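Accompanying notes for the structure given below.
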Amino acid sequence: MIIGNFRIELEPRLTSPKWLYAAVPAGSLVFAFIVGGVFLALTGHSPIGTYSSLISHGYTSTKGITNTLGLATPLICTGLAAAFAFRMNLFNIGEEGQMYLGMIGSAWAGIALAGHLPHVLAVPTVLIVGAAAGALWVLLPAVLRAKLGTSEIVSTLLLNYVALNLVNYFIFGSRGFFRDPTTSFPQGRGVEETARFHSFGTSNTYPTVIIAVLLAVALYWFMKRSNFGYETSVFADSPNTARYAGMNSTKLTLSVLLFSGALAGLAGAMYVVGPAGKVDPGLLQIGLGYAGIVVAALARYNFFAVVLTAILFAGLRVGGASLQISSNPVPIAIAVVLQGSVLLFALGGEIFRRNRLRIRRVQQVSVAS
Amino acid sequence: MGSHRLGGATLFALSARQVTKRFPGVLANDRVDFDLLPGEVHTLLGENGAGKSTLASVLCGLYKPDEGAVLRNGTQVRLTSPRHGLQNGIAMVHQHFRLVDRFTVAENVVLGHRNLPFRLRANDLEDQVAQVAERFGLPLDPRATVGELSAGQRQRVEIVKALYQGAEILLLDEPTALLAPPEVEKLFETVRAMTQAGKSVVFVSHKLGEVVDISDRVTVMRDGRVTGSVARGEADTRKLAELMVGRDIDLSPRRSRAAAQETLLQLDKVGLTKDGIERIANVSLSVRAGEIVGIAGVSGNGQRELAEIVAGLQAPTSGEILINSVRVNGMGTRHVRKAGLAYVPEDRLGTGLAPSLSIVDNLVLTRDRGFLVDRKSALAEAEAFIKQLEIKTPHAHTATRKLSGGNSQKVLLAREIFAAGDHSRVLVVCSPTRGLDVGAVEAVHKLLDEARSAGKAVLLISEDLDEVLTLADKVLVLYRGSVVHEVAGTEVDVEAVGLAMAGLS
């Protein structure tokens, strides 16, 4: 491209220096805020004022950060679920539905089992049953993918809608097991008190956030050091090499997808043992499953980066929501614009990691002497 | 020689003057001069990455040179595209053919021709194509579907296409890579017919042997520069190799020095029928410790299937395979490996190695791994290999795809021959030097020779006949899935082997 006297070229990099991996996302964040600022100014809000309010409500105030961490907890899990499947080039788009099933499964365990269990086992059981329910929800797509090569993208996505209607049916469509029998108002039946965590103080952060972060660390270590992690990396890189080395691709595909489903199910279970305490249709409104895919993509499928990105995203949500109740209310759409711009710039920014931007002065074309 | 001299001054059909072409991180052509006389066969010889294909691409208009000029009949031309090159009578036949499989020969030939009549008459076109083909001694049926043709026939379609479009200068990029010896001979006849008609041919090649036969002149390139230009008669392979590599190269035959020992690999009437087609028919052979048995043949005659059957990737539909006297039919790669087989597949990067994984991780591939992968000993092993085999790499954690072909092949061979704790005594190797530089070929041959001296039984399956003849103690020819010729390595009649490869014995 030539602008004026300058020629702007992209030149492929042979190697990308390490700092670029951090600089590109950081830079895209700045650009996203600039774009958001333009929208804010156009709608008659002060960008600086709005952003400082957003940052305070989302991250820097005590109430803000605890709300953010609370929202980030299940988001870390769905983000890990997406990142984990992608390690083997599998696209699990069904975190949303698997999370709902995790909520249903854990609520069932919280109602039916927790009363019969010793206190210390109640919460772990609820979490594990929730994870298992999430895994179960991806079983069919996983088997179809492993045995017949059916695209897991389509099958996991479609099952999201089934799961969505399942939750709606349990709460709004029937008077079954999951519905609160004590009131005619449609809401979920509460789990046993022993099946719930207490939040830290009066905040909205629950101990599950520690589990989520530890999970990210454990996954990182496991995938780096274990034979399972090694085999998935070989398979993801070159299925023919895996076949050459005698690896069992059916088994690998199945276990990766099932584990990814379990992580997404865990997100739903953490919602139950934490803030909800029941099957809560409120979860259907937040879209944490889909957001998890975005988080994983932004984090470049790195488990540690998933944690940071999830917190960043949750903060944008929390801060964005609180802007609506200021004296000059900012529409929630601005927060969505910001999220969208972050994603757009981060993915677009890849081009600057892979290529070097060169700006050269063009010699004015002169007659060769 | 068909050089045209006009009043003492030579008018070159095509020249490059001080052509420089850069790619990110690479200086592909560094002030290259090249001249082509009318009616001349001029070979551009060099290793992979020497810059010969880049130069050819500049000459045909595919690349624009960063500096320097291209001259056609003594006047400078600024070629902007291959089509523009063609308007100047310059055409290139690429190594990988650019034909539409479902079209007929005639349709492919006229494809992209600008001045076609609005209504195409198939008969007229076919007659025209047949005429062009006949004039240059290219036997070709214009009505045949291209998808059903052999590699040699497809190449003829490409050549006819270039001639039909009025090419005076033909650039052939690695034209013999896919051909059987008789087809190569036929190609050479065509090339001679073209030069007799006053056309010039640029032959881009890294194969020393054939170059000497066909060329009027050879220009050798190394690292983007021209290292020498030699006329017919002055060129011998040893000198050319030295110009190519920059040092003396030994590609003389290597044979077993010890007496033959016990049989380690045995195939007994092995057959494979897939989708109703017989891919491998009744193949019996045995390989003893300390010998190399070579299987020659043109690509696609069952080599791949045979290798995969022995390696346990496919199960044979009939017959027996014995490794160390243990029957291993269809037992899967892990078991076959346990039985004592190491396998170097044809596709180094993508089957034998995981391209994005490091050298260390690729050494781990065939090991017994517990729950946790032990990379410490693999790292030590990788570093030892890098030192011993002179593998050029920044460090042991470099991804194998970043290595050159020769270096990644060294990694693969090292793992399959020398890996610690590996007790395999049978080695199956497929086209181990395909696409490698002369220097790397020498290194790979030395490694295979070492494996033989170490008492391994080596089955070498290669489409490169020279390679088989250089290394094998026993030569078998595979044609349409059957062994059609068998001879001791020291008693080979090259012509008979060539005929067998073409199915004419």
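Of the strands (runs of 3 or more DSSP E) lying entirely inside segment B:251-299, those containing at least 2 residues that are polar (S, T, N, Q) span B:263-274, B:277-288.
Answer with yes or no whether B:THR351 is within 10 Å of another protein chain (Cβ to nearest Cβ), buried (at least 18 other Cβ atoms within 10 Å of the Cβ) and in a loop (DSSP other than H, G, I, E, B). In short, yes.
Tallying residues that are within 14 Å of chain B (Cβ to nearest Cβ) and surrounded by 24 or more Cβ atoms within 10 Å (Cβ to Cβ) within segment A:243-261 yields 1. The single residue among A:ALA218, A:ALA264, A:ALA276 that is within 14 Å of the chain's Cα centre (by Cα) and away from every other protein chain (no Cβ under 13 Å) turns out to be A:ALA264. Listed by position, the helices (runs of 4 or more DSSP H) enclosed by segment A:210-285 that each have at least 1 residues that are within 30 Å of A:ILE111 (Cβ to Cβ) are A:249-271. Exactly one residue out of A:GLY58, A:GLY64 is touching a His at 6+ places or on another chain (Cβ under 6 Å) and touching a residue at least 60 places away in the same chain (Cβ under 8 Å): that is A:GLY64. The condition of being away from chain B (no Cβ under 14 Å) and in a strand (DSSP E or B) holds for only one of A:ILE8, A:ILE93, that being A:ILE8. Here segment A:43-69 is the region considered, the condition is being buried (at least 22 other Cβ atoms within 10 Å of the Cβ) and of a type outside the set (Val, Ile, Thr), and the residue that is farthest from A:PRO331 (Cα to Cα) is A:LEU69. Among residues of segment B:136-154 that are farther than 20 Å from B:MET194 by Cβ, those with a beta-carbon under 7 Å from a residue that is of a type in the set (A, V, I, L, M) and in a loop (DSSP other than H, G, I, E, B) at least six positions away or on a different chain give the pairs B:VAL146/B:LEU99; B:VAL146/B:VAL100. Against the criterion of being more than 14 Å from every other protein chain (Cβ to nearest Cβ), closer than 27 Å to B:ARG434 by Cβ and of a type outside the set (Asp, Glu), B:LYS402 does not qualify. Can you name every residue in segment A:322-333 that is free of Cβ contacts under 8 Å to residues at least 40 places away in the same chain and either assigned to a helix (DSSP H, G or I) or not aliphatic (A, V, I, L, M) (or both)? A:GLN324, A:SER327, A:PRO329, A:ALA333 - these are the residues of segment A:322-333 that are free of Cβ contacts under 8 Å to residues at least 40 places away in the same chain and either assigned to a helix (DSSP H, G or I) or not aliphatic (A, V, I, L, M) (or both).
Here B:VAL373 meets each of (1) closer than 14 Å to B:ALA443 by Cβ; (2) of a type in the set (Val, Ile, Thr); (3) within 11 Å of chain A (Cβ to nearest Cβ) with one exception, condition (1).
Residue-by-condition table, conditions (1) crowded, with 23+ Cβ neighbours inside 10 Å; (2) farther than 19 Å from A:ALA135 by Cα; (3) of a type outside the set (Gly, Ala, Ser):
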{"residue": "A:GLY268", "(1), (2), (3)": "yes, no, no"}
{"residue": "A:PRO275", "(1), (2), (3)": "no, yes, yes"}
{"residue": "A:PRO281", "(1), (2), (3)": "no, yes, yes"}
{"residue": "A:ILE286", "(1), (2), (3)": "no, yes, yes"}
{"residue": "A:GLY292", "(1), (2), (3)": "yes, no, no"}
{"residue": "A:ALA297", "(1), (2), (3)": "no, yes, no"}
{"residue": "A:PHE303", "(1), (2), (3)": "yes, yes, yes"}
{"residue": "A:VAL307", "(1), (2), (3)": "yes, yes, yes"}
{"residue": "A:ALA314", "(1), (2), (3)": "yes, yes, no"}
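Among the numbered conditions (1) charged (D, E, K, R); (2) buried (at least 17 other Cβ atoms within 10 Å of the Cβ); (3) closer than 24 Å to B:GLU450 by Cα, the only one that B:ARG257 does not meet is (2).
The residue that is farthest from the other protein chains (Cβ to nearest Cβ), among those in segment B:338-348 that are more than 16 Å from B:LEU306 (Cα to Cα) and crowded, with 19+ Cβ neighbours inside 10 Å, is B:GLY340. Specify which of the listed residues (B:VAL487, B:VAL494, B:VAL458, B:VAL441) is among the β-branched types (Val, Ile, Thr), surrounded by fewer than 18 Cβ atoms within 10 Å (Cβ to Cβ) and either within 22 Å of the chain's Cα centre (by Cα) or closer than 25 Å to B:GLU47 by Cα (or both). Of B:VAL487, B:VAL494, B:VAL458, B:VAL441, the one residue that is among the β-branched types (Val, Ile, Thr), surrounded by fewer than 18 Cβ atoms within 10 Å (Cβ to Cβ) and either within 22 Å of the chain's Cα centre (by Cα) or closer than 25 Å to B:GLU47 by Cα (or both) is B:VAL494. Of the residues making up segment B:364-399, just one is in contact with a helix residue (DSSP H, G or I) (Cβ under 7 Å, 6 or more places away or on another chain), free of Cβ contacts under 8 Å to residues at least 12 places away in the same chain and not in a loop (DSSP other than H, G, I, E, B), namely B:LEU372. For B:THR80, are the conditions met, namely being among the polar types (S, T, N, Q) and surrounded by 15 or more Cβ atoms within 10 Å (Cβ to Cβ)? Here the answer is no, as B:THR80 does not meet what is asked. When B:LEU99, B:LEU86 are checked against the criterion of being more than 19 Å from B:ALA13 (Cα to Cα) and either surrounded by 14 or more Cβ atoms within 10 Å (Cβ to Cβ) or in contact with a Lys or Arg (Cβ under 9 Å, 6 or more places away or on another chain) (or both), a single residue qualifies: B:LEU99.
Of everything listed in (1) crowded, with 21+ Cβ neighbours inside 10 Å; (2) closer than 30 Å to B:GLY332 by Cβ; (3) among the polar types (S, T, N, Q), the single unmet condition for A:ASN240 is (1).
For segment B:316-330, the set of residues classified as within 14 Å of chain A (Cβ to nearest Cβ) and crowded, with 18+ Cβ neighbours inside 10 Å consists of B:VAL328 only. Screening B:GLY209, B:GLY228 for residues that are more than 19 Å from B:ILE159 (Cβ to Cβ), assigned by TED's automatic domain parsing to the domain that holds B:GLN18 and not in a helix (DSSP H, G or I) leaves exactly one candidate, B:GLY228. Take the conditions (1) within 26 Å of the chain's Cα centre (by Cα); (2) within 24 Å of B:PRO82 (Cα to Cα); B:HIS113 misses just one of them, which is (1). Of the residues making up segment B:26-40, those that are assigned to a strand (DSSP E or B) and either touching a Gly at 6+ places or on another chain (Cβ under 9 Å) or in contact (Cβ under 8 Å) with a residue 60 or more places away in the chain (or both) are B:VAL26, B:LEU27, B:ALA28, B:ASN29, B:ASP30, B:ARG31, B:VAL32, B:ASP33, B:PHE34, B:LEU36.
All conditions but one from (1) surrounded by fewer than 23 Cβ atoms within 10 Å (Cβ to Cβ); (2) touching a residue at least 12 places away in the same chain (Cβ under 8 Å) apply to B:VAL429; the one that does not is (1).
The values are calculated or read from the model by the stated rules, or taken from the named source; none is laboratory data. In this text the structure is predicted, and so the values were computed from the model without any measurement. Here Cβ is always computed from backbone atoms with ideal geometry, including for glycine, and neighbour counts include all displayed protein chains.
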